[in-house]
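Reading through the structure tokens given below for one structure.
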Amino acid sequence: MKKYTLRCVECGEEIIKDEYTTRCKRGHSALLRTEYRRKKLEVKDSPGIWKFSNWLPVMRESSCDASPITYKSEGLAKELGLSNLYISFNGYWPERGAYIKTCSFKELEAMPTLQRVCERARDRMLVVCSAGNTARGFVYISSILNIPIIAVVPRDYMDRMWAVEEIKGVVLIAVVGDYTDAIKVGEKISGLEGMLGEGGVRNVARRDGLGMVLLDALLSMKELPRHYFQAVGSGVGAIGVFEMAKRVIEDGRFGKELPRLHLAQNLPFAPMYNAWKAKRREIIAEHDMQDADNAIKRMYANVLSTKNPAYSIKGGVYDILNEAGGTIYGITNEEAKEAEKLFESIEGIDLDPAASVGIAALIKAVEQDAVGKDDKILLNVSGGGYKRIKEDYSLCKMKPDFSVSLDTPIEEIEKELRECIKAVTLSR
Ligand SMILES: *Cc1c(COP(=O)(O)O)cnc(C)c1O
Ligand SMILES: [Zn+2]
């Protein structure tokens with residue numbers, strides 16, 4: 001019996017044999033979703049996210065065992081007049097039992113993804129593009145598990161590449177340009193022989209990995225939250241939580257209603273917010289991403305600066321908002337910083353700017369009476385503990401193996417890359 005199959009949200013076709021598959025055979029752009037054979041949530045006696053491994057698209061557990069933690073808020077809850085506010089903290093905060101040492105929820109995506117690579121695509125090398133948090137999470141896990149990967153990061157964000165220990169077996173490429181340029185370079189590299197594009201939102205292991213936030217919250221909340229708050233960039237996290245909520249409803253023991261989705265983007269760059277406000281499925285660049293490069297430079301939380309989010313595609317953010325109900329908030333830098341100050345002073349941990357955007361959305365929702373005082377609310381604090389971790393570790397900064405630009409011919413990139421891969425695999 002198969003543990004899981006994948007199903008296309010558009011045509012319903014079932015993919016029995018997962019070969020790190022990201023599209024149905026008909027090539028639909030719609031997402032594939034994991035369908036697990038076991039319909040009841042089981043909590044195993046395993047560390048970290050592997051407690052819920054029955055609902056992860058992998059056959060075995062790996063030795064990386066980070067996890068979200070959930071606690072019932074007192075400080076922020078009191079400040080906002082809420083009686084049932086739960087916080088999912090994804091970062092480093094040992095006082096609360098949170099040990100994500102790359103300080104964001106991207107590590108939850110990295111763990112099952114790299115395990116899936118191990119099981120389904122061992123002969124290929126994973127390529128990850130990122131504005132920082134994703135690459136930091138993936139590189140760290142790949143180093144621990146001894147699975148070499150290639151990470152492509154804009155040069156300007158290279159200071160986000162650090163780890164609590166020396167990183168081994170990774171090729172790190174700096175791109176002179178912005179996040180979008182890095183994605184373009186990464187796509188070219190993924191097309192080379194022996195490479196495997198990580199898949200972004202199409203990668204079911206990423207989405208189900210982020211769904212762990214909801215399952216961990218269930219352990220404390222005992223039932224599905226009525227409202228879910230999170231800052232969104234690509235939409236992967238929100239879609240993952242939505243899909244996990246559907247599985248939980250199928251289980252039957254934790255409630256029948258999907259949590260309303262309160263998603264947040266950081267102004268001035270907020271393509272999904274703009275399209276949703278205009279009640280459109282399509283993101284239209286002239287309307288929704290005006291003067292994009294300049295807008296991105298002005299964002300406080302630029303990990304949210306994805307120009308091509310999973311909004312319009314079938315099964316994407318537009319669809320899940322319609323199915324679950326909810327909205328997208330546009331949050332200014334000032335609102336995010338104010339929320340951050342408030343949270344840090346009363347909850348007592350430092351935040352990723354993106355997490356602050358999510359908290360600002362909660363504050364807004366309370367002001368607008370979009371949530372009831374006694375409603376069960378789950379706030380995803382998607383990253384934090386950057387200052388806290390420096391008290392316990394001296395961080396190792398990573399240096400890029402080489403730099404390229406959008407104009408560097410792919411032949412030239414490939415030559416350097418092959419040399420680096422040789423060095424990396426020899427050193428293992
Ligand atoms: C990536 C990221 C987000 C946004 O998640 P998406 O899945 O891209 O929508 C929010 N917060 C933090 C800290 C992140 O790193
Ligand atoms: Zn299909």
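So what does THR327 come to for accessible area, using a 1.4 Å probe and Å² rounded to 10?
So the heavy atoms of THR327 present about 40 Å² to solvent.
Separation of the stretch 21-96 and the stretch 233-247 by C-alpha centroid, Å?
Each part reduced to its Cα centre gives a spacing of 10 Å.
Give me the 1.4 Å probe accessible area per residue for the stretch 81-165, excluding ligands and nucleic acids, in Å².
Per residue, the stretch 81-165 has an accessible area of 25 Å².
I want to check a number: in the stretch 282-428, how many lysine pairs have alpha carbons closer than 21 Å, given a sequence separation of 8 or more or different chains?
Lysine pairs, 8 or more places apart or on different chains, close enough: 13.
Counting only heavy atoms of the protein chains, get the accessible area per residue of the stretch 353-428 (1.4 Å probe) and round it to a whole Å² value.
53 Å²
For the full complex of protein chains and a 1.4 angstrom probe, list ILE421, ILE16, ILE284, ILE49 by accessible area with the highest value first.
Output order, biggest surface exposure first: ILE16, ILE284, ILE421, ILE49.
From the square roots a ≥ b ≥ c of the eigenvalues of the alpha-carbon gyration tensor of the stretch 297-345, which class results: rounded (a/c under 1.5), prolate (a/b over b/c), or oblate?
Here the stretch 297-345 falls in the oblate category.
Working with all protein chains in place, sort MET212, MET125 by solvent-accessible area computed with a 1.4 Å probe, largest first.
Largest accessible area first, the residues go MET125, MET212.
Using alpha-carbon positions, what is the distance between the centroids of the stretch 168-218 and the stretch 321-353, in Å?
25 Å
Tell me whether the stretch 180-279 comes out rounded, prolate or oblate; compute the Cα gyration tensor, take square roots of the eigenvalues as a ≥ b ≥ c, and use a/c under 1.5 as the rounded threshold.
Note, shape of the stretch 180-279 comes out oblate.
Could you look at the chain and say what percent of its accessible area is carbon and sulfur, using a 1.4 Å probe and all protein chains? Intermediate results must be reported in sequence, preceding the final value.
Working: 8030 of 17290 Å².
Carbon and sulfur: 46 percent of the exposed surface of the chain.
Read phi for every residue in the stretch 177-187 and hand back ³J(HN,Hα) as whole Hz from Karplus 6.51 cos²θ - 1.76 cosθ + 1.60, θ = phi - 60°, with x for Gly and Pro.
Per-residue couplings from phi come out as x, 9, 4, 5, 5, 4, 5, 5, 5, x, 5 Hz.
With every protein chain kept in the model, how would you rank ILE296, ILE359 by accessible area, 1.4 Å probe, largest at the top?
The most accessible residue leads, giving ILE296, ILE359.
Could you state the number of Å between the C-alpha centres of the stretch 258-314 and the stretch 387-427?
Going from one Cα centre to the other spans 30 Å.
So in the chain, which Cys have no other cysteine's beta-carbon sitting under 4.7 angstrom from theirs?
CYS11, CYS64, CYS103, CYS118, CYS129, CYS396, CYS420
Normalised by the residues of the stretch 217-275, what does the relative contact order come to in percent, with Cα pairs under 8 Å and at least six apart? Numbers along the way, then the final one.
Numbers: 56 pairs, mean separation 25.1, N = 59.
The value is 42 percent.
For the stretch 1-72, what does the accessible surface come to per residue with a 1.4 Å probe? Please give it in Å².
50 Å²
Once amide H atoms are built 1.01 Å from N in the peptide plane, which residues 5 or more positions from ALA66, or in another chain, come under 5 Å H to H?
Amide H to amide H, under 5 Å and 5 or more residues apart or across chains, ALA66 pairs with ILE49.
Would you grab the residues whose amide H sits under 5 Å from the one on ASN266? Only those 5+ places off in sequence or on another chain, please, with H modelled 1.01 Å from N.
Result for ASN266 returns ILE331.
On the full set of protein chains, 1.4 Å probe, figure out the accessible area of HIS287 and give it in Å² to the nearest 10.
Number for this one is 110 Å².
In 5 Å bins starting at zero, report the fraction of Cα pairs in the stretch 54-164 per bin as a rounded %.
2, 12, 18, 19, 17, 12, 9, 6, 3, 1, 0
The values are calculated or read from the model by the stated rules, or taken from the named source; none is laboratory data. None of the values given here were measured: they were computed from a predicted structure. Quick reminder, even Gly has a Cβ in these numbers, built from the backbone with ideal geometry, and neighbours come from all protein chains shown. Heads up: the accessible areas ignore ligands, DNA and RNA and are worked out on the full protein's heavy atoms, side chains in. Shrake-Rupley method; radii C 1.70, N 1.55, O 1.52, S 1.80 Å.
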